[in-house]
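The values are calculated or read from the model by the stated rules, or taken from the named source; none is laboratory data. Being a predicted model, the structure only gives us computed values, none of them experimental. Using ideal geometry, Cβ is built from the backbone for each residue, glycine included, and neighbour counts are taken over all protein chains shown.
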Amino acid sequence: MRKLILHIGYPKTGTTTLQAFLARNGAALTARGVIYPSAGLVHEAHYGVNFALGLALHDRPEGFQVSGTIPADIAAEADASGVDTVVLSSEYFITAKPAAIRRVREFFADFEVRIVCYLRRHDDALESAYAQAVKTVVDPPWHDSIQGFLLHNAGLGTVSYEYLGVLRQWAGVFGAGNIIVRPYEAAQNVPDLPGDFLRAIGVEDGPDFVRPPSANRSIGPLVAAAIRMVRRGGLEDGLKRKVVGRLIQRAGREREGDRFLTPVEREAIVRRYEWMYPMIASEFMGRGDGVLFTAGRPEAQGGATAVAYSAEQVFETVLRAVVQ
């Protein structure tokens, strides 16, 4: 039976980087018996598969035609390439509830499926989710702060951050032995995230693999404050989009250590969720020591503080983005 590696997320765990890597290294993958098929591919991720399964329809491009023949199309691509392993990737899979997970199993009934899931420590994951939301949500329904964002999303439940429960739901359909869990941490993703992914699915890395540049710039609190200020202003929408785009391009130039949350707030988030970390490490990774994440705790990381910026600092950030 043909093998299917299904990379399901989580969001903000380098999914865009991995998808770009897989989409742009077809020849190197094929040489190792693997294909990242074009069937269901939208913007280098297999969102078309999600749409066919009834997932994430709110993000379906206007006029996009959903295909019900994707599994057969994927098999045909694999046959044409002479490979026996298929890799699909979309972070929308992580939004699937039990009934949808069963649909995934039925959809790919002719494949031997293994699931790959990257997990990020909750304080980092939630800060990164907020930064992404600032970049992409023009008129947010939450109060204009990360605290408002966290409260708003706690009530939505679109993406569940109860990692253990989500993994067990997938394991209940595909079997715990077919769930590959990887921590999203630089210290554990050696030599880098693509290399870690290849090792996780049993594919040998090599110099013929090209690492594409990072496609999803992460913003910090100063750029986020500048974006919010621009969007609240009276500029026409087209000009706002241009200025915000320039601000995002400048991402990464902020002071190292500036965070959206204070160490106390981040520690509180870790304490809320850390009960599940040793269970995940033991149950899905076979780690007898129960260690899932190795980074130091927030309360011990001195110098990393949430900061407030003056109106002058925010204005200067906008100005530099426009004129430089």
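Please give the helices (runs of 4 or more DSSP H) falling wholly within region 132-202 in which 2 or more residues are among the small types (G, A, S) and either touching a residue at least 24 places away in the same chain (Cβ under 8 Å) or under 25 Å from G220 (Cα atoms) (or both).
146-156, 163-174
In this structure, does T17 turn out to be crowded, with 22+ Cβ neighbours inside 10 Å and either under 21 Å from S214 (Cα atoms) or among the basic types (K, R) (or both)?
On the way: crowded, with 22+ Cβ neighbours inside 10 Å: no; either under 21 Å from S214 (Cα atoms) or among the basic types (K, R) (or both): yes.
Here the answer is no, as T17 does not meet what is asked.
Between residues in region 240-256 that are closer than 17 Å to Q132 by Cα and residues that are β-branched (V, I, T) and modelled with pLDDT under 90, which pairs lie under 6 Å by C-beta distance while being six or more apart or on different chains?
Filtered contacts from region 240-256: A251/I219.
Quickly run through region 95-131 and pick out the residues that are in contact (Cβ under 8 Å) with a residue 40 or more places away in the chain, farther than 30 Å from R231 by Cα and in a helix (DSSP H, G or I).
Listed by number, the residues that qualify are P98, A100, I101, R102, R103, V104, R105, F107.
Tell me whether region 165-179 contains one or more residues that are modelled with pLDDT of 95 or more, surrounded by 12 or more Cβ atoms within 10 Å (Cβ to Cβ) and of a type in the set (F, W, Y).
Among the residues of region 165-179, at least one is modelled with pLDDT of 95 or more, surrounded by 12 or more Cβ atoms within 10 Å (Cβ to Cβ) and of a type in the set (F, W, Y), which makes the answer yes.
Answer yes or no as to whether Y92 is in a helix (DSSP H, G or I), within 18 Å of H7 (Cβ to Cβ) and of a type outside the set (V, I, T).
On the way: in a helix (DSSP H, G or I): yes; within 18 Å of H7 (Cβ to Cβ): yes; of a type outside the set (V, I, T): yes.
It is true that Y92 is in a helix (DSSP H, G or I), within 18 Å of H7 (Cβ to Cβ) and of a type outside the set (V, I, T).
Listed here are the residues, each with its yes/no results for (1) hydroxyl-bearing (S, T, Y); (2) within 18 Å of I8 (Cα to Cα); (3) modelled with pLDDT under 95.
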{"residue": "G63", "(1), (2), (3)": "no, no, yes"}
{"residue": "I70", "(1), (2), (3)": "no, yes, yes"}
{"residue": "T85", "(1), (2), (3)": "yes, yes, no"}
{"residue": "S90", "(1), (2), (3)": "yes, yes, no"}
{"residue": "A96", "(1), (2), (3)": "no, yes, yes"}
{"residue": "R105", "(1), (2), (3)": "no, yes, no"}
{"residue": "C117", "(1), (2), (3)": "no, yes, no"}
{"residue": "A131", "(1), (2), (3)": "no, no, yes"}
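Return the only residue of G9, G48 being over 14 Å from the mean Cα position of the chain (by Cα) and either among the hydrophobic types (A, V, I, L, M, F, W, C) or modelled with pLDDT under 95 (or both).
Answer to the selection: G48.
Pick from region 289-324 the residues that are more than 18 Å from P183 (Cβ to Cβ) and acidic (D, E): which of them is modelled with the lowest pLDDT?
This residue is E299.
Residues that are in contact with a Phe, Trp or Tyr (Cβ under 9 Å, 6 or more places away or on another chain), of a type in the set (A, V, I, L, M, F, W, C), outside any helix (DSSP H, G or I) and in contact (Cβ under 8 Å) with a residue 60 or more places away in the chain: does region 55-76 have at least one?
Looking for residues that are in contact with a Phe, Trp or Tyr (Cβ under 9 Å, 6 or more places away or on another chain), of a type in the set (A, V, I, L, M, F, W, C), outside any helix (DSSP H, G or I) and in contact (Cβ under 8 Å) with a residue 60 or more places away in the chain, one finds none in region 55-76, hence no.
Go through region 18-48 and count every residue that is touching a residue at least 40 places away in the same chain (Cβ under 8 Å) and out of contact with any helix residue (DSSP H, G or I) (no Cβ under 6 Å at 6 or more places or on another chain).
Residues meeting the conditions: 14.
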